[in-house]
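The values are calculated or read from the model by the stated rules, or taken from the named source; none is laboratory data. Because the structure is a prediction, the values reported are computed rather than measured. Here the Cβ positions follow ideal geometry from the backbone for every residue, glycine too, while neighbour counts run over all protein chains shown.
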């Protein structure tokens with residue numbers, strides 16, 4: 001009889017996974033989760049250092065959320081939101097409106113973060129056309145930004161290796177500008193004078209403001225490694241967009257629902273965007289759900305225009321089971337004080353990561369905030385020696401992934417603009433849930449095979 005691994009390798013097509021990592025006898029088969037941990041078919045325990053993919057905010061194994069899903073299935077398993085409404089979607093949208101910043105009060109539900117970004121692009125276009133601004137179609141995004149995998153969302157993504165396989169199919173209306181790590185301005189430069197801020201306004205002016213529909217950015221950018229913006233950066237984006245009639249979209253698929261100690265990370269930076277995209281943590285991944293929360297006035301203007309509707313939809317958008325779970329998840333997070341826990345614990349979290357970095361010269365910089373960090377790898381932090389091209393290639397080619405599996409931690413090897421690791425555990429993690437392992441990528445613990453691949457022998 002075939003094993004689970006053999007059946008997976010024969011019949012299951014993996015996501016963003018190379019053949020060498022998939023077709024191996026060591027392929028983990030995860031069968032159970034609890035709190036901040038995962039367990040595989042062989043009984044091994046893994047610290048879920050990535051909260052699934054930045055989404056299992058409330059932690060694994062919540063029977064209360066499972067019970068809500070089962071109860072909703074028994075009552076109303078499905079009904080479309082096309083011309084109809086149902087109580088779970090109404091309640092979820094109402095809760096989200098209560099937590100969203102400013103006048104963001106109306107939610108369009110979909111099933112994923114990619115669909116949420118796709119929906120924001122389409123809403124912005126519909127809105128401008130409804131106002132008579134048919135020429136506004138271009139989107140400004142940032143280098144190394146990740147906004148999703150649908151062709152529209154991928155068009156505004158700024159990661160070359162994700163885009164290149166699909167050229168020339170991608171929409172050509174995106175213009176990419178430097179991200180916050182690519183700012184060339186010296187420390188202490190006023191926000192309005194930062195090179196990465198000026199680049200956005202210069203791009204709008206170069207393209208013609210009358211052609212630009214929206215600017216999209218993550219409050220803390222994932223691609224490039226947990227890029228926290230400079231003080232005043234988001235206020236400047238708001239000013240620039242207002243001045244030129246451009247919509248400002250905060251992509252919070254990762255950033256919302258507590259990862260940074262607020263329901264929406266835009267709150268942390270004191271800015272009200274025109275739209276916020278979300279997914280992942282809204283249900284803590286117990287059901288697939290995403291959406292766009294939109295300023296009410298924008299929806300009113302669109303509906304009151306000759307266009308009369310938002311010309312977009314999907315079968316499962318606002319699914320009753322998914323929205324019921326979202327309601328239960330949001331209420332539980334609120335009542336259990338998870339956002340307060342993140343704010344109270346983020347300093348300790350960073351301190352412990354910095355301690356690991358200080359103890360190992362293979363770690364360069366630790367970046368991030370809240371429950372979302374990135375660790376840059378280097379050859380020797382003491383001497384400032386960077387990784388050689390061969391070492392970077394070996395790490396990115398699978399050596400680093402092997403190290404992470406050996407450590408029994410599901411942190412993410414990352415090569416999008418840097419070589420390092422993403423670390424972002426469930427929000428229930430606390431001082432008892434630490435990265436206490438000795439990293440097996442230190443030379444003292446490294447296998448001879450790994451040393452050979454890294455050119456250390």
### Task
Enumerate the pairs (first residue in segment 222-251 and in contact (Cβ under 8 Å) with a residue 60 or more places away in the chain; second residue anywhere and part of a helix (DSSP H, G or I)) with beta-carbon separation below 6 Å, excluding pairs fewer than 6 apart on the same chain, so at least 6 apart or on different chains.
224/181; 227/180; 227/181; 247/124; 249/120
### Message
If a residue must be in a loop (DSSP other than H, G, I, E, B) and over 13 Å from residue 372 (Cα atoms), how many such residues does segment 57-69 contain?
### Response
4
### Query
What is the one condition in (1) surrounded by fewer than 24 Cβ atoms within 10 Å (Cβ to Cβ); (2) touching a helix residue (DSSP H, G or I) at 6+ places or on another chain (Cβ under 8 Å); (3) within 23 Å of residue 53 (Cβ to Cβ) that residue 103 does not satisfy?
(3)
### Subset of segment 378-398 (residues that are closer than 27 Å to residue 54 by Cα and in contact with a helix residue (DSSP H, G or I) (Cβ under 7 Å, 6 or more places away or on another chain))
394, 398
### Query
Taking segment 327-369 only, how many residues are in contact with a helix residue (DSSP H, G or I) (Cβ under 7 Å, 6 or more places away or on another chain) and over 30 Å from residue 99 (Cβ atoms)?
1
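Yes/no per residue for (1) in the same structural domain as residue 423 (by TED's automatic domain parsing); (2) over 19 Å from residue 265 (Cβ atoms); (3) surrounded by 22 or more Cβ atoms within 10 Å (Cβ to Cβ); (4) at pLDDT 95 or above:
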residue	(1), (2), (3), (4)
137	no, yes, no, yes
147	no, no, yes, yes
161	no, yes, no, no
169	no, yes, no, no
172	no, yes, no, no
177	no, yes, yes, yes
208	no, yes, no, yes
216	no, no, yes, yes
### Message
If residue 109 satisfies all but one of (1) buried (at least 19 other Cβ atoms within 10 Å of the Cβ); (2) farther than 30 Å from residue 327 by Cα; (3) touching a strand residue (DSSP E or B) at 6+ places or on another chain (Cβ under 9 Å), what's the number of the condition it fails?
### Response
(2)
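Do we find that residue 52 is in contact with a helix residue (DSSP H, G or I) (Cβ under 9 Å, 6 or more places away or on another chain), at positive phi and in the same structural domain as residue 373 (by TED's automatic domain parsing) in this structure?
yes
Hey, among 202, 164, 118, 193, which residue is touching a helix residue (DSSP H, G or I) at 6+ places or on another chain (Cβ under 7 Å) and without any contact (Cβ under 8 Å) to a residue 60 or more places away in the chain?
Every option except 118 fails the conditions.
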### Query
When you look at residue 38, is it assigned by TED's automatic domain parsing to the domain that holds residue 374, in contact (Cβ under 8 Å) with a residue 60 or more places away in the chain and either at positive phi or part of a helix (DSSP H, G or I) (or both), yes or no?
no
